[in-house]
Amino acid sequence: MKGACSVHTHSVMCDGKNTLAEMAQAAFQAGVVSFGASGHSHTPVPEDEGCVLPEDMTAYRKEVLRLRGEYAGGMDVLLGIELDSCADVTAEAVDYWIGSVHYLRDPEGKRHPVDWDKETLERCLRENFSGNSLIMAEHYYDEVRRMAERKPTILGHVDLIAKFNGDGYFFDEEDPRYRAAALEALHAASPGETLLEINTGAMSRGYRSVPYPALFLLREWRGMGGKIILTSDAHRAGDIVYGYAQAAELARAAGFAGSSLLRLTGREECPFVL
């Protein structure tokens, strides 16, 4: 997709399927102006080992910077990180960071993933929230609120809790209580410092037919004066700009005329081509 950027990507250095070099090559061939590596941050969750970057990110940084030199003059290559809410590392010395929530905390502090599979989320709902999905959603959005307050460069898949909610399986996304929790989290974000991503990752992996986030959240963000960025959350080279046309269509429905690009020189605004 000419003139786009792809800055939410994962490689074999975390849970992706291709090397960073293969992801960058796919981005270049797709005509993007800016490719960003955003490996999953290390966390203290034992089950995450092998699916996240190591605590020592030296090799990761070195490879991204090598690719920056290789594509200099043809495509920007940015060093990023997707920082989880329970990460035990920081987002220091990167070009940008994506703030994301992948886990719920129970009263004992144990972490429960919201996006592994439907069965795991059902078990979490049953064992930790007495089957009350609205309370579970409120706990999730409270975590998102905390992340938004940290002013990430990009706020990642803000309603990830709805990944397995096709046909309202877990909760009614039009329920006033659900929407109030989601909007409270969104209102904690800074429109002047944070971009809200329209993320197509769950579409490319067959979990959803539409991007994150829901239209009501995008409309609210526009009303707040916020900007958006299109991302594919690509875990495979073939998905580097997956679903961008549909993401742009959703953005237009929310009233956006364009999206932001992250470049080595800073943020740029790019109007949608009608």
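The values are calculated or read from the model by the stated rules, or taken from the named source; none is laboratory data. Note that the structure is a prediction, hence the values are computed from the model and not measured. When we count neighbours, we look across all protein chains shown, and the Cβ atoms used for this are built from the backbone with ideal geometry, even at glycine. For accessibility, only protein heavy atoms count, side chains too; no ligands or nucleic acids. Shrake-Rupley method; radii C 1.70, N 1.55, O 1.52, S 1.80 Å.
When the chain is treated as a GNM, springs tying every alpha-carbon pair under 10 Å, which of Ala37, Ala253, Ala27 comes out with the largest mean-square fluctuation?
Highest fluctuation among the options: Ala253.
In a Debye calculation with equal point scatterers on the alpha-carbon sites of the range 68-113 and no solvent, what is log10 I(q)/I(0) at q = 0.26 Å⁻¹?
With one equal scatterer per Cα and no solvent, log10 I(q)/I(0) is -0.93.
Roughly what percent of Cα-Cα pairs across the range 19-134 reach past 19 Å? Walk me through the numbers before you get to the answer.
Working: 3638 of 6670 pairs.
So the portion of pairs separated by more than 19 Å is 55 percent.
Based on the Cβ-Cβ distance of Glu149 and Arg123, what FRET efficiency does E = 1/(1 + (r/R0)^6) give at R0 = 35 Å, to the nearest 0.05? If you can, show how the numbers build up before the last one.
Working: r = 29 Å, r/R0 = 0.84.
After rounding, the FRET efficiency stands at 0.75.
Listed highest first by mean packing, meaning other Cβ atoms within 10 Å per residue, what order do 158-171, 259-272 come in? All intermediate terms of the calculation are to be shown ahead of the outcome.
On the way: 158-171: 18.7, 259-272: 15.0.
Packing order, densest peptide first, comes out as 158-171, 259-272.
Mind giving me the nanometre distance, one decimal, between the label points for Trp116 and Tyr169, set 7 Å out from Cα along Cα→Cβ?
It is 1.6 nm.
Under the rule a/c < 1.5 gives rounded, and otherwise a/b versus b/c splits prolate from oblate, where does the chain land using the Cα gyration tensor? Can you show the working numbers first?
Values: a/c = 1.74, a/b = 1.28, b/c = 1.36.
It comes out oblate by the Cα gyration axes.
Pop a pseudo-label 7 angstrom from the Cα along the beta-carbon direction at both Glu70 and Asp106 and give the gap in nm to one decimal.
4.4
Suppose we take every Cα in the range 110-223 and form the convex hull; what volume per residue is that in Å³? Don't skip to the answer; put the middle values down first.
Details: hull volume 11.3 nm³, N = 114.
Roughly 99 Å³ of hull volume per residue.
Show me, bin by bin at 10 Å from 0, the whole-percent P(r) of the range 72-153 based on Cα pairs.
16, 40, 26, 12, 5, 1
Ranked from highest to lowest mean number of other Cβ atoms within 10 Å per residue, what is the order of the peptides 112-119, 191-198, 7-14? Write down the numbers at each step before the final one.
Working: 112-119: 15.9, 191-198: 20.4, 7-14: 23.6.
Top of the packing list down: 7-14, 191-198, 112-119.
Rounded to the nearest percent, how much of the accessible area of the range 79-209 (1.4 Å probe, protein heavy atoms only) is carbon and sulfur? Before the final figure, lay out each step's value.
Numbers: 2320 of 5410 Å².
Here carbon and sulfur together make up 43 percent of the probe-accessible area.
Treating only the Cβ of Lys, Arg, Asp and Glu as charged (+1, +1, -1, -1), what charge dipole size does the chain show about its Cα centre? Round to the nearest 20 debye. Before the final figure, lay out the partial values.
Details: 28 positive and 41 negative charges, 161 e Å.
So the dipole magnitude of the chain works out to roughly 780 debye.
Report for the chain the percent antiparallel among DSSP-assigned beta bridges with both residues inside it, nearest 5. Walk me through the numbers before you get to the answer.
Details: 10 of 34 bridges.
Among the beta bridges of the chain, antiparallel pairing accounts for roughly 30 percent.
Could you tally the net charge around Ile154, taking each other residue with its Cβ under 13 Å from the Cβ of Ile154, Lys/Arg +1 and Asp/Glu -1? Don't jump to the answer; show the numbers that get you there.
Values: positive: Arg150, Lys151, Lys227, Arg267; negative: Glu82, Asp95, Glu193, Glu197, Asp233.
Once all neighbours under 13 Å are counted, the net charge is -1.
Using just the Cα positions, wrap the range 1-78 in a convex hull and report its mean projected area in square nanometres, one decimal place. Write out the running numbers ahead of the final one.
Values: hull surface 19.5 nm².
Averaging across all directions leaves 4.9 nm² for the Cα convex hull.
Leaving out ligands and nucleic acids, note down the accessible area per residue over the range 44-176 with a 1.4 angstrom probe, in whole Å².
Values: 6230 Å² over 133 residues.
Ligands and nucleic acids excluded, the figure is 47 Å² per residue.
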